[in-house]
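The structure appears below as structure tokens.
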Amino acid sequence: MAKLTMVQAINLALHQEMEKDEDVVVLGEDVGVDGGVFRVTDGLIDKFGEERVMDTPLAESGITGFSIGMAIYGLKPVCEMQFSGFGYMAMHQLEAHAARMRARSGGRFHVPMVIRMPYGGGVKALEHHSESREAYWAHTPGLKMVIPSTPRNARALLVSAIRDPDPVVFYEPKSSYRAFREEVPEGEETIPIGQSEIVREGEDLTLISYGAMMRPTLEAAEILEEEDGVQCEVIDLMTISPIDDSKFTESAKKTGRVVLVHEAPRSFGPGAEIIARLVEKSFLYLEAPIRRVTGYDVVIPLFQREFDYLPSAERIVRAARETLDF
Amino acid sequence: MAKLTMVQAINLALHQEMEKDEDVVVLGEDVGVDGGVFRVTDGLIDKFGEERVMDTPLAESGITGFSIGMAIYGLKPVCEMQFSGFGYMAMHQLEAHAARMRARSGGRFHVPMVIRMPYGGGVKALEHHSESREAYWAHTPGLKMVIPSTPRNARALLVSAIRDPDPVVFYEPKSSYRAFREEVPEGEETIPIGQSEIVREGEDLTLISYGAMMRPTLEAAEILEEEDGVQCEVIDLMTISPIDDSKFTESAKKTGRVVLVHEAPRSFGPGAEIIARLVEKSFLYLEAPIRRVTGYDVVIPLFQREFDYLPSAERIVRAARETLDF
Amino acid sequence: MPREKIDLEQDIEYLSILNEKGEIDEDLEPDMKDDLLLDLHRAMLFGRRFDERMLNLQRGGKMGTFAPIKGQEAAQLGAVACLQDEDWLVPSFRETAAEIWRGKRPENILLAYAGFSEGGVIPKGINNLPAAIPVGTQTLHAAGIGYGIKFKGKKQVVMTFFGDGATSEGDFHEALNFAGVFNTPTIFVCQNNQWAISINRAHQTRSKTLAQKAIAYGIPGIQVDGNDVLAVYAAAKEAVERARNGEGPTFIECVTYRMSVHTTADDPKRYRSDEEVEKWEKRDPISRFQKYLKKKDLLSDEEIEEIESEIKEEIKKIVKGWEKKKKELEGRVDMFEGTFAELPAYLVEQKEEFESELPEKTEKPEEPEEPEADEESEE
Amino acid sequence: MPREKIDLEQDIEYLSILNEKGEIDEDLEPDMKDDLLLDLHRAMLFGRRFDERMLNLQRGGKMGTFAPIKGQEAAQLGAVACLQDEDWLVPSFRETAAEIWRGKRPENILLAYAGFSEGGVIPKGINNLPAAIPVGTQTLHAAGIGYGIKFKGKKQVVMTFFGDGATSEGDFHEALNFAGVFNTPTIFVCQNNQWAISINRAHQTRSKTLAQKAIAYGIPGIQVDGNDVLAVYAAAKEAVERARNGEGPTFIECVTYRMSVHTTADDPKRYRSDEEVEKWEKRDPISRFQKYLKKKDLLSDEEIEEIESEIKEEIKKIVKGWEKKKKELEGRVDMFEGTFAELPAYLVEQKEEFESELPEKTEKPEEPEEPEADEESEE
Ligand SMILES: Cc1ncc(C[n+]2csc(CCOP(=O)(O)OP(=O)(O)O)c2C)c(N)n1
Ligand SMILES: Cc1ncc(C[n+]2csc(CCOP(=O)(O)OP(=O)(O)O)c2C)c(N)n1
Ligand SMILES: [Mg+2]
Ligand SMILES: [Mg+2]
């Protein structure tokens, strides 16, 4: 097992799936010769050629609609939106066609494509390069929405997404691209889409998060153990939609207290759905209001102040303590 | 006071605001000579000419981005997406520019525009003509999201939206366009954006809805009173974002039991935010789980089966009874 | 350091072979088998009659709104007549006749417009995409399918249809640009029927022709008389051959006219004159084609009568079959399956919730108080 | 019923006046005041030096990523030099020199690239929109502003800038079409610098020129040597005059070259050759313009030296002022105000929540383990 960054792990998944299945093609802006602006697709064009690793014109709807056509014909496109902040240009193609072609054609056609997009803040980027709007896709029937949090689950989830017969929006936490390394097995590994994971067990409090926010969340769990002797159960959703509420509703029955964390704006954000599920399935066990530690309902500030906006371990710890004291 | 349909009431608002303020212009596909495919803009072009009532080329992003430019220059465009199902083509213009220009320019520029879109099911329409995806806009920082439910509040809310110095997405419940009439005062009337209304008082149960779903919701309240002697408090949100949680959280403190209704898909839908606010602000008063009577997490079916999908008074009544029996 | 005209190395041509009087330009007459000519004639006539029948089914409240093709039979049939079965068709919502030519069952078209998802089902072996309603969006799928064909080294081509209004959409632009850059075997057929609902062609774009938009992408573009089935066929034939030979995409503008309403929810009197419609009725694609076939002694008035009554019978059968099918399907629930290959847990839950409520599931709200033609939604 | 070429009634011309050797085509030489010529020269030089300074500020970790303009000084300054103060500028993200010419304070540009929203503030009286990062989207705003001008009967014009890559976006298409249909006083200036990050012009679209895309909208289009400030000025002047006279929009393609990196996060060696860059360095817009000014006896080497050292001083002052300003602004919170005219209740609540947590508000996560150039995000 090699210790890889998330960029390397995603790159590994692409290499291996392209070797395994010649219908898998990669396309997007600068994904070929340049290897992607984050180097996620580095080396693919040399190995698989420009027929399978396509540098496209600068048009997000074009990339997406073109991929839908390829997928209908039988290819398995993995297309990239250079930043999730530009993915909205493709929204109508995903909502109207990728998400509907199977039902519309009575199953004759389906759209086995993956739309990769780096998302989230914390890399000192320019405007439109730090958004976290997974709720748009999660609320769209017919789409699956996946967000990995570590090199290893990024690789395993991307493999599952590529093999999924239906369209998957795959958000990559760009602030975690190179922030740390993890052992990633050389051999095949997959994680089923639609499955969350308990990454830390505990009885006192349930912390729910995903993607880049898993790091401050786990950090907060550490602090709470060290400073308060509190045992947090930490859940990584990994798939936002279809959301797996089995683990966090069970955990809430055990702990009775929940804090959830995401960097997306709070209102009408993913956290609201988590709360709704908890109320629907764990109502009688809830001992305190569920706290949302999230981005605020404004555009994430330019990078000098982006950490005013992004949830930190400290904010999570405070919310946890207030929830425990409730 | 004349009894008007919602189409006539919205038309009245447009006539009066255009008379009052010559910077108000209307644009969109078929809004001029044709008077709009629902006749909402009927007669405007004859009265105000094609400089102020503009038939545009067939391009939603174009209409929206063009309106943003007009608004920056000082006009007050009221543009129409012919159906909300095609509004996603304009999402990037609204998210990246309409919602941000004020903050980005340090207040030098702002975007006083209204984006009108007929939304929702129940009119035997073709695919893409029955969606209810207000959550996309409500989750977008910098946008306001308004949905009227009757001719009178449609007129009053649209006037407020037109006068609002910031961009307002205005969803019109097309199934209510001509379904009933209501007294609408000739003279000016406005309803502040960001204000919900208690349309029926009660102590036993709180029903929360908005837009087209207010009718089955009120119908359900009637049935519950007649058949069960249950007094429902019914709240019409009217503004989805910024959402006014003051009335429904107060009401929940009184009743302890809440059912909410919308035709949007359930998961990551507007109802989840309502539940989150109730948990945050009325936690200790909740006596039963909050039920969501909503569209399902699939694309709304073609019209033969659209009523399988749309919430009905019966579904609401059943959820209410289960909530009361909890 | 000059100021000089740039040679763009491409021209836009106009092609017309059979005029409204039925006169023909022999030099340009395409070489077509008699059977093909007669099949085309029958398909055009069938398209016209089926359209008329759908219109009165809709007016009679038996069907929902739809987009009539009256006047555009030559534009769409002349083009698809150049396709092989294994080729692909990517239609918009106004290609009923073309879809039927390509194997779509008329009964299913009726079912779809009656609001039954079952009408959208596409049988294996028929390479037609379902109708695409968001204007212009399908052109990108045709570009992508074209790439798939190229990638797999197949000899297929893909033909997509859209209207004059669709040329204003960003997706149209991106599709032609992608097709050009990746040199895909895609034929873009624009049915310029002069109107996008109430927006006239002249107001849709300032360019003199739509065909010249091909210059923006460095791909061949041609404008043809869209009511002249021979001209459409000849232009499409060239384009299909180029595509098959790996020479990439073509943009064809068929100048035609929407002789009927935009959809059954539309009232054209609000925006266009009867004179204009009458002017175009004189250019009807069917009567002109019949004159031609008669001159060629391929068709007599008696035979036309026969065909007409055959078609009448055929349509009667289709409508009967459709009504029977509707009965079978009524009350059937069809919502949860089909979205994904497998029904995910949350949809299973919702399905169970739904089924627990089945008794009321067919509840309908009372009819609106004052139904009006324009109350229905567009399309 | 012929097959004939359609006369599109418009040509695409190429314009070049001052070549790389400094030779001039007298017949085409625009009549420009000496002051204007010298101001342009100074602005080009300032743009170049300021660019260089920003690059080393960024490399030194004092500033975030930005998009250098090196090589494109003539393309942007020649065009904005035709504007009056009351006209409008709608830039993309690579018009630093043009924005400064139009009154944007260099200090604010540094502030913005250092991640301070305060840098984006635009003072009253300066009609520049803020830089638009989503490629191509701003062209629609320029069309809309143009309509506003027309609507108000003003004599203003609006000029928007974008790159070669932007011409592939749907918004570009919709913007030129709207501008054409509504005949707005909008000048679309494409800085074709041959690259869209790593995508070469030839791979962006199959058309021979970008200028010919104007034909798709029936508006005038011209291709100019974008490194020839006189040619850019002459073409823009014509376009501006047409716009002011109510003759509508123009599309200008400036053929230039991005001599530096796409942004400071980019490594061009991965996709282009040094030879290519060297070839274009010979066509540098500044040196050729200096040759011209010297021939005209408007400028001597000594004077150039003087200007250079003045600029050096000026930039020193700007950077000093900027560093002072940064200190002032550090720790300042700026997030809730400014989104709406009035702070809505829910943002007041969130602001209070935020302030109750201020002690930790400056928390930063530990630095990543292995920083790499390309780790930063693009732009
Ligand atoms: C993206 C989008 N916007 C608006 C509509 C509503 N609409 C349906 S058809 C139509 C006009 C289409 O005109 P054209 O492209 O010329 O095709 P035609 O109807 O004439 O065949 C419009 C505006 C739509 N279906 N899709
Ligand atoms: C809609 C959108 N997609 C992608 C990007 C990322 N991006 C920034 S600049 C750029 C290339 C732009 O090329 P061009 O239009 O030629 O302008 P240039 O950078 O050469 O000045 C890309 C892909 C973006 N900013 N916006
Ligand atoms: Mg048309
Ligand atoms: Mg470029």
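What follows is calculated from the coordinates using simple rules that are stated; it is not laboratory data. All figures in this text were calculated on a predicted structure; none of them were measured in a lab. Here Cβ is always computed from backbone atoms with ideal geometry, including for glycine, and neighbour counts include all displayed protein chains.
Any aspartates and glutamates with Cα under 14 Å of the D:K33 Cα? List them, leaving off those in the same chain fewer than 8 positions away.
Leaving aside aspartates and glutamates fewer than 8 places away in the same chain, those within reach of D:K33 are D:D297.
If we hang a label 7 Å off Cα along the beta carbon direction at B:E22, how far is it from the matching labels on the other copies, in nm, shortest first?
7.0
How much length is gained if the chain between D:V277 and D:S309 is pulled fully straight, taking 0.36 nm per residue apart and subtracting their Cα-Cα distance, in nm to one decimal?
Net length gain for the segment: 8.8 nm.
When a footprinting reagent is the concern and you count Cβ atoms within 10 Å, what order do C:F50, C:F172, B:F170 take, fewest first?
C:F50, B:F170, C:F172
For chain D, calculate the relative contact order in percent as a whole number, restricting contacts to Cα pairs under 8 Å that are 6 or more residues apart.
Computed value for chain D: 22 percent relative contact order.
Return the long-range amide H neighbours of B:L4 (sequence gap of 5 or more, or a different chain), with a cut-off of under 5 Å between placed amide H atoms.
B:E182, B:E183, B:V184
Going by Cα centres, segment C:75-111 and segment D:258-288 are how many Å apart?
Here the answer is 51 Å between Cα centres.
If the cut-off is 12 Å between C-alpha atoms, which aspartates and glutamates fall inside it for C:K154, apart from same-chain ones fewer than 8 positions away?
C:E86, C:D87
Return one number: the angle in degrees, 0 to 90 and rounded to the nearest 10, between the long axis of the Cα atoms of helix A:151-163 and the longest principal axis of the Cα atoms of chain A.
Around 50 degrees separate the two axes.
Counting pairwise Cα distances across segment B:135-190, what percent come out greater than 17 angstrom?
That tail contains 43 percent of the Cα-Cα pairs.
Rounding to the nearest 10 and keeping the result within 0 to 90°, find how far the Cα-based axis of helix A:313-325 lies from the longest principal axis of chain A.
The angle comes out near 40 degrees.
If the cut-off is a Cα-Cα distance under 17 Å, which aspartates and glutamates reach D:K327, setting aside same-chain residues fewer than 8 apart in sequence?
Within reach: D:E107, D:E118.
Over the Cα atoms of segment A:1-90, how large are the radius of gyration and the largest Cα-Cα distance (Dmax), in Å?
12.7, 39
Would you mind giving the three semi-axes, in whole Å and largest first, of the ellipsoid equivalent to segment D:141-263 according to its Cα gyration tensor?
Here the semi-axes work out to 25, 15, 12 Å.
Report the percentage of all Cα-Cα pairs in the protein assembly as shown whose separation exceeds 53 Å, rounded to a whole percent.
I get 23 percent for the Cα pairs in the protein assembly as shown exceeding 53 Å.
For B:L286, A:L324, A:L205, D:L176, what's the fewest-to-most ordering of other Cβ within 10 Å of each Cβ?
Working: B:L286 21, A:L324 18, A:L205 27, D:L176 30.
Ascending number of Cβ neighbours within 10 Å: A:L324, B:L286, A:L205, D:L176.
Mind grabbing the base-10 log of I(q)/I(0) for chain D at q = 0.06, 0.14 Å⁻¹? Debye formula, identical points on the C-alpha positions, no solvent, two decimal places.
-0.25, -1.28
Taking chain A as the reference, fit the longest principal axis to its C-alpha atoms, fit the long axis of helix A:6-20 to the helix C-alpha atoms, and give the angle between the two in degrees, 0 to 90, nearest 10.
Helix A:6-20 sits at roughly 40 degrees to that axis.
So which residue of C has the beta-carbon closest to the axis that swings C onto D, and how many whole Å away?
Here the nearest residue and distance are C:G170, 1.
What's the exposure ranking of A:Y296, B:Y210, going from fewest to most Cβ atoms within 10 Å? Write out the running numbers ahead of the final one.
Values: A:Y296 24, B:Y210 27.
Exposure proxy ranking, most exposed first: A:Y296, B:Y210.
Hey, how many Å between the Cα centroid of segment A:165-179 and the Cα centroid of segment C:126-187?
About 29 Å separates the Cα centre of segment A:165-179 from the one of segment C:126-187.
Give me Rg over Rh for segment D:245-304, both radii from the alpha carbons and Rh done the Kirkwood way, two decimal places.
Across segment D:245-304, the Cα-based Rg/Rh ratio is 1.15.
Rounded to two decimals, what is the ratio between the C-alpha radius of gyration of segment D:59-151 and 2.2 N^0.38 Å?
Taking N as the residue count of segment D:59-151, the ratio is 1.11.
Considering all projection directions equally, how large on average is the shadow of the alpha-carbon convex hull of segment D:222-336, in square nanometres?
Computing the convex hull of the Cα atoms and averaging its projections yields 13.3 nm².
Once you wrap a convex hull around the alpha carbon atoms of chain B, what is its projected area averaged over all directions, in nm²?
16.1 nm²
Quick one: Cα convex hull volume of segment B:37-166, Å³ per residue?
116 Å³
Over the Cα atoms of segment D:1-74, each weighted equally, I'd like the Debye log10 I(q)/I(0) at q = 0.12 Å⁻¹, rounded to two decimals.
-0.61
Kirkwood-based Rg over Rh for segment B:138-259 (C-alpha set), two decimals?
0.99
Put a dot 7 Å past each Cα toward the Cβ at A:E51 and A:E203; how far apart are the dots in nm?
According to this spin-label approximation, the distance is 6.3 nm.
Which distances, shortest first and in nm, link B:E197 to the matching position in the other copies, using label points set 7 Å out along Cα to C-beta?
In ascending order, 5.1 nm.
Tell me the relative contact order for segment C:28-106 as a rounded percent, counting alpha carbon contacts under 8 Å between residues six or more apart.
32 percent
Using per-residue counts of other Cβ atoms within 10 Å, averaged over each peptide, order C:323-334, C:85-96 from highest down.
With the highest mean Cβ count within 10 Å placed first, the list reads C:85-96, C:323-334.
Label-to-label distances across copies for A:F180, with labels 7 Å out along Cα→Cβ, in nm, shortest first?
5.7
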